[in-house]
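Structure, as structure tokens:
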Amino acid sequence: MSFQAYIDNVETKTGKSADALKAIAIDKGLADENGLAPGVKAGAIIDWLKSDFDLGHGHAMSIVAWIKGKRS
């Protein structure tokens, strides 16, 4: 599955775009405009996405990658 397919599937499952999820992560203090917030590990974001949005590990990791700046 391509990176874009993961991102598309996340939006289908959650009803939120990757940018919207990044904005929520910023509001929660898990991220900032440059990526992960200082001291925040990817696991914290994965746990949040699994808990609040019922995402699997791979889909949650695609959002972590998006937050870090990956686009393809």
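Before moving on, here are some points about what is shown:
- Note on the chain: helix-only mean residue ellipticity at 222 nm, from DSSP H runs of 4+ residues weighted -39500 (n - 2.57) and normalised by residue number, equals -19500 deg cm²/dmol.
- Candidate aspartates and glutamates - alpha carbon under 19 Å from LYS68, same-chain residues fewer than 8 apart omitted: ASP8, GLU11, ASP19, ASP27, ASP32, GLU33, ASP47
- What the Kirkwood sum gives for the chain is a hydrodynamic radius of 11.8 Å, with every pair of different alpha carbons counted.
- Per-residue ³J(HN,Hα) for the range 42-58, Karplus 6.51 cos²θ - 1.76 cosθ + 1.60, θ = phi - 60°, Hz, x for Gly and Pro: 3, x, 5, 6, 4, 4, 4, 5, 5, 6, 7, 10, 6, 7, x, 4, x
- Length gained on full extension, ILE26 to ALA42: 4.4 nm, using 0.36 nm per residue less the C-alpha separation.
- Rolling a 1.4 angstrom probe over the protein heavy atoms with all chains in place gives the chain an accessible area of 56 Å² per residue.
- Nitroxide proxy distance, nm - points 7 Å out along Cα→Cβ at ASP52 and GLU11: 1.9 nm
The values are calculated or read from the model by the stated rules, or taken from the named source; none is laboratory data. All of these numbers come straight from a predicted model, not from anything done at the bench. Cβ coordinates were reconstructed from backbone atoms using ideal geometry, including for glycine residues, and neighbour counts include every protein chain displayed. For the accessible areas, the whole protein counts, side chains as well, though only heavy atoms, and no ligand, DNA or RNA atoms are used. Shrake-Rupley method; radii C 1.70, N 1.55, O 1.52, S 1.80 Å.
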